[in-house]
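For reference, the structure discussed in these notes is given below.
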Amino acid sequence: MAKSPVVTGISPKEGPPGTRVTIRGEHLGINPNDLSSLKICDCECMLSAEWKSPNKIIARSGPGKGRGDIILVTKSGGVGTSTVQFRGYHETIGPLKESAVWVEEAPLNWGRQNSSVTIFQLDDPLGLSVEGDEKFPENELTELFPDGSGDLLSENFEPAWFLLEHHHGTSFDDLRVGLSYLKRKVDSQNEGQLSFLKDNVGSVMEQLDTLFTLKQNYEADFERNNETLFRVEEAINQSLKEATHLFHGVLTRREKAEATRNALAVMTRYKFLFQLPINIDRNIKNEDVDVIINDYARALNLFGKTEVSVFKKILEEVETKILNIRINLKSKLHQMPTTLKQQKKIIRNLVALNDDGDPGWEAIIHMKKFLIDKIKASYQQFITEEQANETPNKSNRHPHNKHKRNISLSQQIEPQNIEPKKVLCIDEIATVISDYFPDLWKLGQNYFVGDLAVKPDCSHEMDFKEMILDIIVTVSDIYRTIMLPTTTTSSFSPVPIIWLPHCLKQIRSVFTVLMALDLPNEALNKISSVIFDLRLHCLNILFKQASEQIIQLKNTETWKLDYHSKQGTISQLPNEFYKIIMEAMNLAKEYVIRDERRETALVDNETAKNEIQLLVHKCFWNFSQVLEQVGLNADTNCSSTTVMSLSGSSVTGFKLHNDLMWEQKLLITISNSQYTRNVMLLKIKKEFEDNGFPTIDVVVTRAVELLENTESKLLETYIETKSDPLVGTIEPSMYVGSFEWDSPSLLYLKEVRPYAKEIITNLIALHSEVQTIIPDLMYAVLSEIVVTISEEMSRLMNCVTHFSENGAMQARLDLMALTFTLSNFFTPNSKDFFCDATNAVPPLKSEDNEKYVLKCFEQFKTRMHLQIMCFLTSCPNNIETSII
């Protein structure tokens, strides 16, 4: 079974019975014989239905009245549905009433037609064929022309609708041909009477023949019997008498009616005047001033110049009541607050009641006074309460600030339940400006353009401008006094940081209200300046709080470590520093950096740029100081422990809680500084740039220098701390057991002495510590310590007065072992010191002894292979030979 019919569009959408309706839709039958029923507004219209295509049917509407659906029933699809409705209405059309419906002269043929062209179809005005074109969607036409129509007979006819509906597929050339056809058709209808006579010459000739025949017949009758003419004349005269008699009666009745009407009008006229005082009292009770004004104006118009004493007495009573009404209206005009609509109504009423003053200007003066008094009252209340609470606040101020020191910026910014008095004052003033100032400005504008039914006094324009500036200056001064005491002589404490964003939002709301009124720039700049200064103040407070939080990081270091393959081991300190900076930056972006309309851009203002750079530099400087203090003062809580050396002597060190040595914390602090310098500063710089802040390249460069200086201090301290105990154990370990280099009882050379191995072992421990925490510092640390070791070895060897042969062999073997093991960390100084130490040892006396030393050296390399691999990736060429 085929799909059900769906009617989606009709044209026109309304009309009287018999209106030709074009129905559009889908599945509207497969042929004319498929149609079973068609109802428009529940009236059967099947007899006039003409099937054009499965998407188009033309029919005449029935006698249905009101709005209804178009329901089509087909044999193939059954009962259909409709998404549009047709409105039928009935018109009473008399013989002399114009009709908008074109009655076709062709006879109606009530029956289904199989032909696609019928006598009901109007000719296309362009003379073009419209069959076969797809229907343009009616819903789109409705959207394009909501008040138009494509019906040629409609008053709202839209040519574009007609062309889209009937000729959207017609070529441009065909449309030009159609336009020419239409022009010819219009020109043919405008040729005038001559053209009409030419077109109807047959009818004219027939009428002339008829008149000529009538004349001939009348003359023939007159010749036979002239009584006919007399009878006609008598009938005409009789008709004239009857007409005159009828007209005389109508005229008499008309005069009587006019006399009666005039009498009633006079009675009504006097009755209105006599009842006017009572009506005024009744309308006063009902607060219907407009009726009073109309009655008063009417009374003055009718009886204003009367000389009748009774009328004068009544008018005097009316004037007394009108005077009381004026006084009452002026009292209401001076009462505040009053809406602009009420004020305009009162002014209009006063003008209508012939008030002698200038009610428009009086309303402006009283509204301005109300605004100033309201603003100053709020400020005075704040001052009174602030002075009353000043002493308790001073006593509690220090503990309060101390308690907030460890609170994050975001927690301080979160709104609190109880607003301080100064914040309440700011809110109240903002509310006053938002609620009443627009009415004052609009009232003044209406006054000067003459919209208040009163003639404006242009001399008040400067006075009005001064009023506006007075209000704006008062508001801006109060805001500065409350929120920016540092820029005024006020002794009030600044607004707490938790309320600064709220206050900024309130002032911005005031600025938005003023901008919407299109005030002069002089007035807007006052508030804009306050907003700019407050934004700078907020920025200053945010980064100062961040700077204070950074200082407190030195007390919160937990030494919880993270290892990075590239940066080494770091604690949580750099991340905490980054979080504080980002938190301050995000809050500044949200409340300060983001510019509202017509606000001064901070990123383009040199003062703001310098302020931001100084504040960020202060944060970076504080963090460098924190790193230095954390590194250098890490031993404040340490406990002394003893590290036993291989020789039995001891080295005193410091071991802190969490199993971290003080020296290890020094290295971690250096790693923190490097990580901040290489990673965090770049991230902070990028975040600032991405979030619209001014560039901080100069600040970052200075911060890098600060951190490098801090690293140098810490590294120098670490090397000094590590090298002194290590070098101090060399001499005791070298001469342990009363060893002497020239002793005859010196045992025969077998291996490297324990003191040299102890040096290597201690350096391995140092190597492991540095490699674990900060591998990039390996060369810097070990090279400096190797210099101190080489210097100590040079001193010790040069202090020996005499070497025995075995002693010389032992000394050369020890020096070879140390030089080979530490060669990757040699500097020119350490090379010179080792060469000097080697030169202090006498040469060996025999080649066999040299070979034996080399043999022992090879055994040392084999036995100490793992230890040597900590320092060497490859051994320098011929190092053994150079030492021997």
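Sequence neighbours fewer than 8 away in the same chain don't count; with that in mind, list the aspartates and glutamates whose C-alpha is under 12 Å from Lys422.
Glu385, Glu386
Tell me, what is the 1.4 Å probe accessible area of Tyr563, in Å² to the nearest 10?
140 Å²
Once the piece of chain linking Leu264 and Asn586 is laid out straight, how much longer is it, given 0.36 nm per residue of separation minus the C-alpha distance between them?
Details: separation 322, 0.36 × 322 = 115.92 nm, distance 8.43 nm.
Using 0.36 nm per residue and subtracting the Cα-Cα distance, I get 107.5 nm.
Taking the Cα-to-Cβ direction at Lys345 and at His865 and moving 7 Å from each Cα, how far apart do the two end points lie in nm?
Between Lys345 and His865, the label points sit 10.8 nm apart.
Among the listed pairs Lys560/Lys618; Lys332/Lys526; Lys421/Lys618; Lys713/Lys861; Lys39/Lys183, which are separated by more than 30 Å between their Cα atoms?
With Cα atoms farther than 30 Å apart: Lys332/Lys526; Lys421/Lys618; Lys713/Lys861; Lys39/Lys183.
I'd like the FRET efficiency for Lys3 and His248, computed as 1/(1 + (r/R0)^6) with the beta carbon distance as r and R0 of 60 Å, rounded to 0.05.
Values: r = 77 Å, r/R0 = 1.28.
So the FRET efficiency works out to roughly 0.20.
Any idea how far apart Lys855 and Ser804 come out in nm if each label point goes 7 Å out from Cα toward Cβ?
With each label placed 7 Å out from Cα toward Cβ, I get 2.0 nm.
Calculate the length of the line joining the C-alpha centroid of the range 292-334 to that of the range 679-693, in whole Å.
78 Å
Over the alpha-carbon set of the range 679-727, work out the extent along each principal axis and list the three values in angstrom, largest first.
55, 15, 7
I'd like the accessible area for Trp361, computed on protein heavy atoms only with a 1.4 Å probe and all protein chains in place. Round to 10 Å², please.
Roll a 1.4 Å probe over it and Trp361 shows about 30 Å².
Ordering Glu758, Glu26 by how much accessible area each has at a 1.4 Å probe, largest first, what is the list?
Glu26, Glu758
Given the C-alpha atoms of the range 266-317, compute the convex hull and give its volume per residue in Å³.
Spelled out: Cα convex hull of the range 266-317, divided by residues, is 70 Å³.
Could you sort the peptides 333-341, 79-87, 786-794 by per-residue average Cβ neighbour count (10 Å cutoff), highest mean leading?
Sorting 333-341, 79-87, 786-794 by mean packing, highest first, produces 786-794, 79-87, 333-341.
Could you rank Thr607, Thr821 by how accessible they are, 1.4 Å probe, largest area first?
From most accessible down to least: Thr607, Thr821.
Where Lys and Arg each count +1 and Asp and Glu each count -1, what net charge lies around Asn575 among other residues with Cβ under 13 Å from its Cβ?
-1
Based on C-alpha coordinates, I'd like the Rg and Dmax of the range 734-825, in Å.
Spelled out, the Cα radius of gyration and Dmax of the range 734-825 are 15.0, 48 Å.
Taking R0 as 41 Å, what's the FRET efficiency between Ile365 and Leu153 from their Cβ-Cβ distance, rounded to 0.05?
Calculated value: 0.10.
Per residue and in cubic angstrom, what volume does the convex hull of the Cα atoms of the range 244-353 have?
144 Å³
Subtract the Cα-Cα distance of Glu219 and Gln380 from 0.36 nm times their separation in residues, and report this length gain in nm to one decimal. Mind showing how you got there, number by number?
Details: separation 161, 0.36 × 161 = 57.96 nm, distance 11.47 nm.
Between Glu219 and Gln380, full extension yields an extra 46.5 nm.
Checking the cross-link filter: which aspartates and glutamates have an alpha carbon closer than 13 Å to that of Lys579, excluding same-chain neighbours under 8 positions apart?
Output for Lys579: Glu687.
What does the extension gain come out to for Met462 and Lys683, with contour length at 0.36 nm per residue minus their alpha carbon separation?
Additional length available on full extension: 74.0 nm.
Here is the link list: Lys285/Lys374; Lys52/Lys185; Lys665/Lys686; Lys341/Lys374; Lys341/Lys368. Which ones come out longer than 23 Å on Cα distance?
Long pairs (Cα-Cα over 23 Å): Lys285/Lys374; Lys52/Lys185; Lys665/Lys686.
Leaving ligands and nucleic acids out of the surface, order Asp187, Asp427, Asp562 by accessible area at 1.4 Å, largest first.
The ordering from most to least exposed comes out as Asp187, Asp562, Asp427.
The values are calculated or read from the model by the stated rules, or taken from the named source; none is laboratory data. Values in this document were obtained by computation on a predicted structure and should not be read as measured data. Because the Cβ atoms are built from the backbone with ideal geometry, glycine has one as well, and the counts that use them run over all protein chains shown. Keep in mind that these areas ignore ligands, DNA and RNA; they rest on the heavy atoms of the full protein, side chains included. Shrake-Rupley method; radii C 1.70, N 1.55, O 1.52, S 1.80 Å.
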